[in-house]
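So the structure is just underneath, and the comments pick up after that.
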Amino acid sequence: MKGVVLAGGTGSRLFPLTKVTNKHLLPVGKKPMIYYPIEKFIGIGIKEILIVTGTEHMGDVVGLLGSGKDFGCNFTYKVQDEAGGIAQALLLAENFSGGDSIAVILGDNIFEDGLSEMAANYQKSQGSKGARIALKKVPDPQRFGVATLNRDRVVKVVEKPKAPESDLAVTGIYFYDARVFDIIRKQKPSGRGEMEITDVNNAYIDIGEMGYDFLKGWWTDAGTFDSLKRASELAEG
């Protein structure tokens, strides 16, 4: 399995901090934000990691992370030329994956749990086939993709519903097999003109190959001033 950190986006909600650097380089606690997903991958033995970022401040990202030598791993970099959604960014990982399954973390997701249990469940219960997502109960599910469960199955994911059917947010942690890239190519842009990762997840649900785990510890995104502050408080705690 290989790792993919999606660290693109304009960071508009954190302007003017993001005027001079990539959002994922901002500090969370005592480390740059992007260190956290990298450390989660290293924690489950993933040594080959792709960093996908935008054209602005790409040099800052490479300047901070380098080859991966300081982390004991190898970094590859890809540039998403324009904001086209998470799924479009993930499509840039196709050659990097080399037919292997991939673990994907959105770069502004900060969370307590390690990934060993999720990785083991993906391998044991699914044979590293299909997809697996990490869910977390939240008080404000309308801000996220929301999963509906029926017993032990995910039956659908709805992106930012006005009337959520559950309080289970789909966090920015995903495992996919190599078919994900063909699935992405079959998707159509959403109303906001982006390739939505929710559509990709629903495609796996439709073929009965979606698994899930619950995050037990804390989790937050760090894409707004409030959530960035909260992420720092949790990471320091």
Next item on the list: Say whether the condition of being in contact with a Gly (Cβ under 7 Å, 6 or more places away or on another chain), small (Gly, Ala, Ser), in contact (Cβ under 8 Å) with a residue 12 or more places away in the chain and part of a helix (DSSP H, G or I) is met by at least one residue in region 107-114.
Entry: no
Checklist line | When residues of region 205-227 are limited to those that are under 21 Å from VAL5 (Cβ atoms) and charged (D, E, K, R), the one modelled with the highest pLDDT | finding: ASP213
Next item on the list: Check region 191-204 and report whether any residue there is modelled with pLDDT of 95 or more, assigned to a loop (DSSP other than H, G, I, E, B) and over 16 Å from the mean Cα position of the chain (by Cα).
Entry: no
Margin query: Out of VAL170, VAL157, I need the residue that is over 21 Å from ALA231 (Cβ atoms), hydrophobic (A, V, I, L, M, F, W, C) and touching a Gly at 6+ places or on another chain (Cβ under 7 Å). Which one?
Written below: VAL157
Note to self: Here's a check for you: in region 1-30, which residue that is over 11 Å from GLY107 (Cβ atoms) and of a type in the set (Gly, Ala, Ser) is surrounded by the most Cβ atoms within 10 Å (Cβ to Cβ)?
What the structure shows: GLY3
Notebook entry, point to check: Being surrounded by fewer than 24 Cβ atoms within 10 Å (Cβ to Cβ), within 19 Å of ALA235 (Cβ to Cβ) and over 15 Å from the mean Cα position of the chain (by Cα), is that true of even one residue in region 77-96?
Noted result: no
Check: Out of the residues in region 1-31 that are in a loop (DSSP other than H, G, I, E, B) and of a type in the set (Ser, Thr, Tyr), which is farthest from THR220 (Cα to Cα)?
Finding: THR21
Notebook entry, point to check: So how many residues does region 60-76 have that are loosely packed, with under 15 Cβ neighbours inside 10 Å and among the aliphatic types (A, V, I, L, M)?
Noted result: 1
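Modelled with pLDDT of 95 or more, within 12 Å of VAL5 (Cα to Cα) and under 19 Å from the mean Cα position of the chain (by Cα): is that true of ILE44 in this structure?
On the way: modelled with pLDDT of 95 or more: yes; within 12 Å of VAL5 (Cα to Cα): no; under 19 Å from the mean Cα position of the chain (by Cα): yes.
Spelling it out, it is not the case that ILE44 is modelled with pLDDT of 95 or more, within 12 Å of VAL5 (Cα to Cα) and under 19 Å from the mean Cα position of the chain (by Cα).
The values are calculated or read from the model by the stated rules, or taken from the named source; none is laboratory data. Source: prediction; values computed, not measured. Here Cβ is always computed from backbone atoms with ideal geometry, including for glycine, and neighbour counts include all displayed protein chains.
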